[in-house]
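Structure first, commentary second.
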Amino acid sequence: METLTHGQVLARFGHALSDPTRARLLLALREAPVYPAELADLLGVTRQNLSNHLACLRGCGLVVAVPEGRRTRYELADNRLHHALGDLLGLVLAVDPAACADSEAKGCC
């Protein structure tokens, strides 16, 4: 197991949230632990696509797989993520797409 700096932790969290499917997946797991087949149906993605996103989130340390007999349930790796996601949902952002219009970083806004 690797110990990460605060900056590395935030970068992994940001990477996870940068994809809409992973963000929706984290929000679903915020509600309750779920099995992959149910998650795929809930999010409207293929099981293979979901598996790739779950692998990414496990690699980032944000979710854990909990074996239950022949099935595996997924949940947030730390209860503090539930609180952090709730805080992020409470933010109100004043977005100015024009601020990024000339940026070389496509899709920065």
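For this structure, a couple of remarks:
- Flag if R30 is surrounded by 12 or more Cβ atoms within 10 Å (Cβ to Cβ), of a type in the set (K, R) and assigned to a helix (DSSP H, G or I): yes
- Filter result (assigned to a helix (DSSP H, G or I) and either aromatic (F, W, Y) or surrounded by 15 or more Cβ atoms within 10 Å (Cβ to Cβ) (or both)) within the stretch 39-60: L39, A40, L43, L50, H53, L54, C56, L57
- Residue list for the stretch 66-76, restricted to those being loosely packed, with under 14 Cβ neighbours inside 10 Å and part of a strand (DSSP E or B): V66, P67, E68, R71, T72
- Looking only at the stretch 9-18, and only at residues there that are surrounded by fewer than 12 Cβ atoms within 10 Å (Cβ to Cβ) and part of a helix (DSSP H, G or I), the one that is modelled with the lowest pLDDT: L10
The values are calculated or read from the model by the stated rules, or taken from the named source; none is laboratory data. No experiment lies behind these values; they were computed from the predicted model shown. Counting neighbours? That spans all protein chains shown, and the Cβs are built from the backbone with ideal geometry, glycine included.
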